[in-house]
Amino acid sequence: MSDPAVTTAWVRAFIDELARAGVEHVCLAPGSRSTPLVMACARESRIRMWVHLDERCAGFFALGLGKTTRRPAAVITTSGTATANLFPAVIEASHAGVPLLALTADRPRRFRGTDANQTIDQSQLYGSFVRESLDAGEAPAGDLRGIRKLAAGAVAATGGMDPGPVHVNFPLDKPLEPVELGAEPEADGASREPVMDQSGAAPAEDEVRAVVAALETASRGLIVVGPVPDPQTAGPAIRDLARATGFPVLADPLSGARFSEHCAANVVGAYDLFLACLPDPNLREVLEPDAVIRIGGAPVSASLSAFLSDLAHVPQVRITSGHYWKDHLSVASLSVRAEVVSFVRAVTEELSSHLSLTSESSTPDTARSWCEQWTEIDRAASQAVLDFRTSDAGDAFEGDVLAAVVAGVTDGTTLFVSNSMPVRDLDAYGGGGKPLHVYGNRGASGIDGIVSTVAGIAAAGVAATSDGGSPIVAVVGDIAFYHDMNGLLAVAEHQLDIVFVVINNDGGGIFHMLPIRDHEPEFTKYFATAHGLDFRHAAELYGIPYRRVEHSSGAADALEEVLAGTGPRILEVRSDREQNQRSREAVGEAVRRAVSTLL
């Protein structure tokens, strides 16, 4: 048995320090062992609490909050398997560089390794996926400096150049209910330490010079931008680099440069489609660069990755801040781990001074001609897609849905794209240049927790729904939507302004893109996995307005009507997998013909 007054003061000091360090949101699922943590948060006016019935939903909701605020949200669980349900969100936060605090209540240490109920070994539970794994120990009497230092250190460890999740485990003994305290114990803050943010640390000059040396003699360079932790600040930095070099920009949808007004002159949007036309030797010769600068994480495009993989003989500079920074393609000739935006700005400044370039108009003719080659091919590929989509001979397919979403939302809309096909279709058919805030869970690229992540983004207020701003639009596949339908409870309870566009092709549509599709009957039974679900019933369960269209061709008109509403709503778009795959192949052939006429 513990002294409840000591436990109350100890836990309240920890939560007070979190709030002082900037933690504003706490997500929780109900439980008994976590009572001291929950009660301390409930009585802290600087913290907003979000209650969930499912720990996995709570974890991804906190992830969504962290994505948009770039500050850690905390998530509290009770002991036992409840803690394990945070693991998917912890993994995604680790790979995507999202700050997150996992606060797990535990049984007292004396119960570890015994048959005590709801007791598992929670120490080091999340392994290498957390930046720090901390144990709060047992509450000491009187001295609160240690727990305050632990809280400040935990918050600091979620940020800096390498943001990510931090785990703090709390062994808590009964009685768990709080005891009201006098002012003196709670005021103990003599050992408070400032939280240090090293995210803006100055780039190393020798690394900047090395990157500049690799690029300054190139006339046929490429800028490839993958997902970055803070896409809203990356766009302007990429724009300035593109102006200084004159290089074309192949920007992933989650890069902050693709759906932005900043890089419109240099951005190539249809690269996924026309790079798939390789290994056409003529096209390969036209497009082969003499240098590549790769920024951020790995792009979603498989054809772009294959193209880069074949350029092992070309100097490739890679700049990333990611915790998992090693080049999976194994072709980078120089890898730099640094805060992306500040490093890119330093490279741009150094390049500009070396080349005496102050504006796009002074870009060397060779680089400008090289960029024009890419943009001309890009226009031809994009026009071929548009011609197919608008012709009587072209059957509507799922790419039409993403194109309709991009065209139908207003500038500045927050768009979330799920993994599997939606993010790939946005990359291939969504174009670029329109200013949007685009998010996705591309850290580990799972389909779990999508609905809850979107809910967390909405809860952070990115869409500014309170002043009549546009809703968040989330394009989700049917399996991903099914996987996280529990997340709809928070969406409905808080009346979050979200339009879920659910593309329902009755199973695992992405597998039709793989060679396994030719192996029947195993393919249909074990991979395509038709489910026959009608999501109307999920909408009814949570009281969310619902509309359904039977064909991708109806998505644009239906979306226009749905966007006019407020609060949560679901638009289900039905799609036929077989016909969809035929249309994708026909689009690919149309692009190949269009590009070949330019060579």
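About its Cα centre, the chain has a charge dipole of approximately 720 debye under the convention of +1 per Lys or Arg Cβ and -1 per Asp or Glu Cβ, with nothing else charged. Taking other C-beta atoms within 10 angstrom as a stand-in for reagent exposure, LEU514, LEU86 fall in the order LEU514, LEU86, fewest first.
Put simply, the amide H of ILE295, placed in the peptide plane, has neighbours under 5 Å in VAL224, VAL225, GLY226, ILE319, leaving out anything fewer than 5 places away on its chain.
What's the whole-number percent of alpha carbon pairs in region 1-116 lying beyond 21 angstrom? Considering region 1-116, 37 percent of its Cα-Cα pairs are separated by more than 21 Å. Taking the Cα centre of region 4-186 as reference, the dipole from Cβ charges on Lys and Arg (+1) and Asp and Glu (-1) amounts to some 280 debye. Computed about its Cα centre, the charge dipole of region 369-463 is approximately 360 debye, with only Lys, Arg, Asp and Glu carrying charge at their Cβ.
Remark: THR68, THR104, THR597 ranked as THR597, THR68, THR104, counting other beta-carbon atoms within 10 Å and listing the fewest first. Look at LEU334, LEU18, LEU65, LEU415 and count the other Cβ atoms within 10 Å of each Cβ; fewest to most, that gives LEU334, LEU415, LEU18, LEU65. Listed values (1) 166; (2) 270; (3) 188 include one computed from this model; for volume of the Cα convex hull per residue in Å³ that value carries the label (1). Close amide H contacts of HIS25 (hydrogens built in the peptide plane, cut-off under 5 Å, sequence separation of 5 or more or a different chain): ARG48, ALA74.
Highest mean packing first, where packing is the average number of other Cβ atoms within 10 Å per residue, the peptides 376-383, 35-42 line up as 35-42, 376-383. Coupling constants for region 588-599 follow from the phi torsions by the Karplus curve (6.51 cos²θ - 1.76 cosθ + 1.60, θ = phi - 60°), and in residue order they are x, 5, 5, 5, 4, 5, 5, 6, 5, 5, 8, 8 Hz; glycine and proline get x.
Since only VAL314, THR348, ALA237 are under comparison, the one whose Cα sits farthest along the positive direction of the charge dipole of region 205-380, derived from C-beta charges on Lys, Arg, Asp and Glu, is ALA237.
Read-outs throughout are calculated quantities, based only on the coordinates presented, and are distinct from any laboratory measurement. Every value quoted in this text rests on a predicted model; they were computed, and no experiment measured them. Note that each Cβ is placed from the backbone with ideal geometry, even for glycine, and that neighbours are counted across all protein chains shown.
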